[in-house]
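Please read the structure below before turning to the comments.
The values are calculated or read from the model by the stated rules, or taken from the named source; none is laboratory data. Predicted model, so just to flag it, every value in this text is computed and none were measured. Cβ coordinates were reconstructed from backbone atoms using ideal geometry, including for glycine residues, and neighbour counts include every protein chain displayed.
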Amino acid sequence: MLILKEFLTIFFIFLIGYYLIPIYLCNLIFSLIDKKRLEKIKIQNAIPQKESIKREIKWSVLSITIFSICATIVYQFIKKGDTNLYYKWDELGWLYFFISPFICIVIHDTYYYWLHRMMHHKYFFKYFHKIHHKSVTPTPWAIYSFQPLEAFFTFLSFAIAIIFIPIHPIAFLIYMLISLVNNIGGHTGYEIIPGWFARHRILKYSTVVTFHDMHHTNTKYNFGAYFNIWDRIMKTMHGEYEKNFLKLTFHKEKDNL
């Protein structure tokens, strides 16, 4: 029965700490912003329907269940010491401690880009990714709106980090937090990132809300998670992306003058 208790503990940590509370906080923050200001940074004119949000929650809870089953299995390896987690802060040096979450992010971005491309292949789409793309106008509730196969392969990237990459548990939590914020942000439907990102010589290679939102309306483009580097290399970045992003952020920057 111990393994069942571990599963239930992990499930509620995921459900509450990694889904319900963050999305509630996100919605609370947006509710405090002036509605006229929000309208200027709204990416799509369409409004998410209640039935769509219910579907997103239903599939997200299923995905969280799959995450929890997989995480319970990984936890057994952690207890046996069969992972690359280390527990002394300075065991590999402070520099490595701070850069290790970003090493995970770079690896995750590459993994996700090619997984994402594969899921959009005509032979795999209906088995992996069709449910997520029912949310044409996504909301934060859609962040885990996956079919079981997509849920499993999404979790796999985090399992790879724990098993193969030397990382401290706190550094791993930082990586998960960055991933969560990036995921929720990409599904808010509002461009919250300033326009100078697109003009910065380094930050222009990171993704913004518009980038992923455009993927939901045109599924042939914008596959990256954290960066658009692979999209640039493979020529899968939407040709109108920067134009649409700057158009939205122009209103925001004009209001701040």
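Within the range 239-246, is even one residue at pLDDT below 95, more than 30 Å from residue 94 (Cα to Cα), among the hydrophobic types (A, V, I, L, M, F, W, C) and buried (at least 18 other Cβ atoms within 10 Å of the Cβ)?
yes
Can you name the helices (runs of 4 or more DSSP H) wholly within the range 160-257 that have at least 2 residues being closer than 30 Å to residue 76 by Cα?
169-185
Filtering the range 74-113 down to residues that are closer than 30 Å to residue 219 by Cα, out of contact with any Ser or Thr (no Cβ under 6 Å at 6 or more places or on another chain) and among the aromatic types (Phe, Trp, Tyr), which residue is surrounded by the fewest Cβ atoms within 10 Å (Cβ to Cβ)?
Per the stated criteria, the residue is 102.
Just need a number here: residues in the range 142-183 that are surrounded by fewer than 19 Cβ atoms within 10 Å (Cβ to Cβ), touching a residue at least 60 places away in the same chain (Cβ under 8 Å) and of a type in the set (Gly, Ala, Ser).
Total satisfying the criteria: 1.
Do you know which residues across the range 137-149 are under 14 Å from residue 64 (Cβ atoms) and more than 13 Å from the chain's Cα centre (by Cα)?
Hits for the range 137-149 are 147, 148.
Report whether or not residue 230 is in contact with a Gly (Cβ under 9 Å, 6 or more places away or on another chain) and outside the structural domain of residue 130 (by TED's automatic domain parsing).
Yes.
Which number in (1) surrounded by fewer than 17 Cβ atoms within 10 Å (Cβ to Cβ); (2) modelled with pLDDT of 95 or more; (3) polar (S, T, N, Q) marks the one condition that residue 45 misses?
Looking at each condition in turn, residue 45 falls short on (2).
Looking at the range 121-160 only, could you name the residues that are under 30 Å from residue 84 (Cβ atoms) and among the aliphatic types (A, V, I, L, M)?
Selection gives 143, 149, 151, 156, 159, 160.
Being closer than 22 Å to residue 150 by Cβ and crowded, with 16+ Cβ neighbours inside 10 Å: is that true of residue 56 here?
On the way: closer than 22 Å to residue 150 by Cβ: yes; crowded, with 16+ Cβ neighbours inside 10 Å: yes.
So residue 56 fits the description; yes.
Sort out which residues of the range 10-69 are of a type in the set (Val, Ile, Thr), farther than 13 Å from residue 139 by Cα and touching a residue at least 12 places away in the same chain (Cβ under 8 Å), and write them in order of number.
10, 41, 61, 64, 65, 66, 69
Quickly run through the range 62-96 and pick out the residues that are more than 18 Å from residue 165 (Cα to Cα) and either modelled with pLDDT under 95 or of a type in the set (Ser, Thr, Tyr) (or both).
63, 65, 68, 72
Could you look through the range 115-124, keep only residues that are of a type in the set (A, V, I, L, M, F, W, C) and in contact (Cβ under 8 Å) with a residue 24 or more places away in the chain, and pick out the one that is surrounded by the fewest Cβ atoms within 10 Å (Cβ to Cβ)?
Result: 115.
Going through the range 165-209 one residue at a time, which ones are of a type in the set (Gly, Ala, Ser), over 17 Å from the mean Cα position of the chain (by Cα) and at pLDDT below 95? Full working, then the answer.
Applying the first criterion (of a type in the set (Gly, Ala, Ser)) to the range 165-209 yields 171, 179, 185-186, 189, 195, 198, 206.
Cutting the leftovers down to over 17 Å from the mean Cα position of the chain (by Cα) gives us 171, 195, 198.
Within the range 165-209, 195, 198 meet the criteria.
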